[in-house]
Amino acid sequence: MSDLSGVDLPDLLAIVLAAGMAGGICLWLKRDDEREADTFRVRGVHTTGTVVGHEVRSVVVDAESGWRHDRRSPVVEFADGEGNVVRFVSTLMTHPSEAVPVNSRVVVIYPPEDPEKAEMADALGNPSAGRLHRSGQFVSSSGGYCGLFFGLFIFLSVLCVMVVPLLL
């Protein structure tokens, strides 16, 4: 079914439907992550930690030029409520030139029942950080919400282009 401009209306409808669904899913996931981060902030114990180093978390090497692109995460130490020294690697990832300097003092938040699951306050809700799992454990994200949107959009576009014409 085509109109005078040659646009196939079922395919156009399918693409618009896929974009809407992909956007809705990404928006829902982003809001869910923000709610979890807010809950973590409210429930967690706030203290001050010190950046003691950095850990390389992501490396991309261009095969042709040999150019290397590192992303690093701060390694932070703090004392929990019982005086135990806890060390963790933040989910916040930066380029080496933007890294939080060693010996910097940072705000740390941790669940009172498990100080090992601590995180820097700046990493919560930061797009360059990982994501908070329902258990309170941080997990890495892969490409953020833009990457997720485009991946979902491509997948849903193919699916919708196959299904929508069958429904019309």
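Observations on the model:
- Between Asp32, Asp114, the distinction of being surrounded by 12 or more Cβ atoms within 10 Å (Cβ to Cβ) and either closer than 26 Å to Cys160 by Cα or within 19 Å of the chain's Cα centre (by Cα) (or both) belongs to Asp32 only.
- Condition met for Gly23 (in contact with a helix residue (DSSP H, G or I) (Cβ under 7 Å, 6 or more places away or on another chain), at pLDDT 80 or above and exposed (fewer than 15 other Cβ atoms within 10 Å of the Cβ)): yes
The values are calculated or read from the model by the stated rules, or taken from the named source; none is laboratory data. From a predicted model like this one, the values you see are computed outputs, not experimental measurements. Positions of Cβ are generated from backbone atoms using ideal geometry, with glycine treated the same way; all protein chains shown enter the neighbour counts.
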